[in-house]
Amino acid sequence: MSATSVSAVRPRWGKRRRWGLVCAIVAAVMVGSGVAGALTVRHLDRQYGPVHAGLFSGPYSGPRLASAPGASGRLLTSLGNWGSHEVTVTGLSYLQDEPAVSGIRWSTYRPVPGGSSDGIDTPWHSFPATIPADGTIRLMISLHRPADCSRYQGAGLGGHDYTGSLVVHWKSLLHTHATSVQVLAGNAVRVC
């Protein structure tokens with residue numbers, strides 16, 4: 001073969017150009033996949049929660065605490081999840097009512113046909129708790145009459161009511177949230 005015939009068969013693209021094109025295509029696919037993945041995860045995160053006051057609330061025992069020093073009582077209420085995925089409740093804040101609240105525990109909610117609206121008794125647990133997708137858990141709020149009730153009455157407040165105001169700390173797929181929830185559907189409980 002002559003030198004002229006070899007140069008006529010030379011490829012149109014050099015090796016360097018081919019590798020550059022391949023790298024550009026791979027980079028475009030990776031960026032596109034990353035954007036699609038981020039949008040998908042963000043969409044899925046929006047399907048978690050929000051957490052809200054549940055189906056029922058009311059006295060469990062001793063709802064009138066203002067009558068006697070050292071009185072205590074318990075309220076049964078619930079938290080729900082409107083999302084299509086379960087959420088984890090990591091804890092509750094109730095700082096404004098800390099003098100009256102001695103503890104909050106949770107249990108699973110299991111209704112039975114023809115039974116009580118607050119479901120059957122199930123064991124009580126400490127937090128964290130898992131609320132199923134589009135589901136509910138029960139809360140047992142233990143209250144006691146604060147030792148310093150005179151502080152509330154002496155400040156011209158006429159007493160102190162527990163309103164059932166909670167801040168629920170929960171996790172979705174990507175984020176942690178703090179949602180204010182009013183868990184008592186009826187009247188507040190007078191604790192002082």
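The values are calculated or read from the model by the stated rules, or taken from the named source; none is laboratory data. All figures in this text were calculated on a predicted structure; none of them were measured in a lab. No Cβ is skipped: glycine too gets one built from the backbone with ideal geometry, and neighbour counts run over all protein chains shown. Areas reflect the complete protein model, heavy atoms only, side chains present, ligands, DNA and RNA absent. Shrake-Rupley method; radii C 1.70, N 1.55, O 1.52, S 1.80 Å.
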(message) Whole-Hz ³J(HN,Hα) for each residue in the stretch 121-134, computed from phi via Karplus 6.51 cos²θ - 1.76 cosθ + 1.60 with θ = phi - 60°, x for glycine and proline: what do you get?
(response) 5, 10, x, 8, 9, 8, 6, x, 9, 10, 9, x, 4, 6
(request) Would you check the accessible area of Y94, probe 1.4 Å, heavy atoms only, in square angstrom rounded to 10? (result) 50 Å²
(request) Taking amide H positions as placed in the peptide plane 1.01 Å from N, state which residues far from C192 in sequence (5 or more) or on other chains have amide H under 5 Å from it. (result) H160
(message) If I model a spin label as a point 7 Å beyond the Cα along the Cα-Cβ vector, how far apart are those points for R74 and L174 in nm?
(response) 4.1 nm
(message) Need one number: nm distance between label points at S142 and Q182, each 7 Å from Cα along Cα→Cβ, rounded to one decimal.
(response) 2.8 nm
(request) Would you check the accessible area of R105, probe 1.4 Å, heavy atoms only, in square angstrom rounded to 10? (result) 100 Å²
